[in-house]
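The values are calculated or read from the model by the stated rules, or taken from the named source; none is laboratory data. Predicted, not measured: the structure shown is a model, and the values here were computed from it. Ideal geometry is used to build each Cβ from the backbone, glycine not excepted, and the neighbour counts take in all protein chains shown.
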Ligand code: AMP
Ligand code: GLY
């Protein structure tokens, strides 16, 4: 069978890498892919990003199944386009993808279906937004309604900061249409975790637990990023918390989408805030896998992913039981100089060792230029170490990181610190 993976990041490299391990695979195409997927003989890059052209490619190449990585093509309706042509694709429709593409849609949905989340109100009027901020006080969180590539959330510690975030989005139009409406919500305290499941419309299959590190610098300092590292499993998600999240958040979401007439298919990622007493609340939904969470999760998955995907598009995920490597997988993101504001591009990369049973490197912002691997984006790669403990997985990852070189490289030295801090 031929499979198509849509996207170009570390998440897509990890998905393609795992799919290509299946004996049933003839070829995994990655559109548009990156320098790492270009260099792997089991994978082939396709220089197409337009969803309608990708559907034509899928018909011409007789692609059996398509898996979508990023949110942008999902929000643009790639799943609707493929299904209209009779093509099998795993992801949410444009309508269902609103769980991620509109914060207002997601918040109203959660309120309607009594899914625990922060209190909020939505505004398009600046004065009304300012009045609400004055009433509620700080800290308070301002979110652009639409997709803003990670730049749409401001956790404001003072009323002034909150007001200027509103002005930036509503008056100065800095985020374009995405910021034409803002959700203003209660600040939640606690520890974050990523809860990712596969959904076929009705059945839910949870993936291994994970946690990422959003801030650029060690000790969770510096600006927010797409994620500087992640590991799986996440010890904070105990079996009882897992059961609670399924009962209070995931199942009501899948049922609620069914009831609302927009059944959800695809990866569903709930970003959770777990308070000091262990109560989970939903910070956000993503309608895709996390990046970099996918990299350690795929490194641990033992089950053939092609078979799982087939069940997912056929509505039979209830027949699947996933098998996981019992080891911890821990991924360290190597970012370009200047990331996240203005990442440098075109720096030559060297020293990436071959994959071993306890370390694999997934590419993201890389490309092959005249045979030389160079940086081409903010998050350049993610080095995943595996080990019987968090400490050993961390050592395997950093031993490899130490061998990789490119000008301006930035990375965190403390990926996994929360898991290491936990007793047991
Ligand atoms: P989001 O894209 O909604 O997940 O927001 C990005 C990041 O902002 C989250 O990962 C949190 O670190 C932070 N954040 C979002 N909403 C809240 C909230 N209500 N309270 C505290 N922090 C938040
Ligand atoms: N790692 C966070 C995300 O994928 O949204």
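Things worth noting here:
- Answer residue from region 244-283, given it is in contact with a helix residue (DSSP H, G or I) (Cβ under 7 Å, 6 or more places away or on another chain) and over 19 Å from residue 208 (Cβ atoms) and is farthest from ligand 1 (Cβ to nearest atom) among those: 263
- Test result for residue 341, out of contact with any helix residue (DSSP H, G or I) (no Cβ under 8 Å at 6 or more places or on another chain) and at pLDDT below 95: yes
Results for (1) within 24 Å of the chain's Cα centre (by Cα); (2) closer than 22 Å to residue 188 by Cβ; (3) without any contact (Cβ under 8 Å) to a residue 12 or more places away in the chain, shown as yes or no for each residue.
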{"site": "68", "(1), (2), (3)": "yes, no, no"}
{"site": "72", "(1), (2), (3)": "yes, no, no"}
{"site": "82", "(1), (2), (3)": "yes, no, no"}
{"site": "96", "(1), (2), (3)": "yes, no, no"}
{"site": "100", "(1), (2), (3)": "yes, yes, no"}
{"site": "112", "(1), (2), (3)": "no, yes, no"}
{"site": "124", "(1), (2), (3)": "no, no, no"}
{"site": "138", "(1), (2), (3)": "no, yes, no"}
{"site": "145", "(1), (2), (3)": "yes, yes, no"}
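- Test for residue 303: is it modelled with pLDDT of 95 or more, away from ligand 1 (no atom under 14 Å from the Cβ) and closer than 23 Å to residue 79 by Cα: no
- Residue satisfying all of: in region 365-387; in a strand (DSSP E or B) and out of contact with any strand residue (DSSP E or B) (no Cβ under 7 Å at 6 or more places or on another chain); surrounded by the most Cβ atoms within 10 Å (Cβ to Cβ) among these: 368
- Among the residues making up region 1-31, a single one is buried (at least 18 other Cβ atoms within 10 Å of the Cβ) and more than 18 Å from residue 298 (Cα to Cα): 31.
- Here residue 365 meets the list (1) modelled with pLDDT under 95; (2) over 30 Å from residue 254 (Cα atoms); (3) within 23 Å of the chain's Cα centre (by Cα) almost entirely, failing just condition (1).
- Residue within region 190-201 that is within 13 Å of ligand 1 (Cβ to nearest atom), over 25 Å from residue 10 (Cβ atoms) and not in a strand (DSSP E or B) present: yes
- Candidate set from region 279-327 (those that are farther than 23 Å from residue 241 by Cα and free of Cβ contacts under 8 Å to residues at least 24 places away in the same chain); member that is farthest from ligand 2 (Cβ to nearest atom): 319
- Residue count for region 254-278, restricted to those that are within 14 Å of ligand 2 (Cβ to nearest atom) and modelled with pLDDT under 95: 0
- Selection from region 306-324 of residues that are closer than 25 Å to residue 191 by Cα and either within 16 Å of ligand 1 (Cβ to nearest atom) or assigned to a loop (DSSP other than H, G, I, E, B) (or both): none
- Boolean, residue 340 is surrounded by fewer than 24 Cβ atoms within 10 Å (Cβ to Cβ), in a loop (DSSP other than H, G, I, E, B) and within 16 Å of ligand 2 (Cβ to nearest atom): yes
- Residues (surrounded by 14 or more Cβ atoms within 10 Å (Cβ to Cβ) and within 14 Å of ligand 1 (Cβ to nearest atom)) located in region 151-168: 151, 152, 153, 154, 155, 156, 161, 162, 165
- Screening region 106-116 for residues that are surrounded by fewer than 20 Cβ atoms within 10 Å (Cβ to Cβ) and within 16 Å of ligand 1 (Cβ to nearest atom) and picking the one that is nearest to residue 269 (Cα to Cα) gives 116.
- Residues located in region 169-189, provided they are within 16 Å of ligand 1 (Cβ to nearest atom) and either surrounded by 19 or more Cβ atoms within 10 Å (Cβ to Cβ) or in a loop (DSSP other than H, G, I, E, B) (or both): 169, 175, 178, 179, 181, 182, 183, 184, 185, 187, 188, 189
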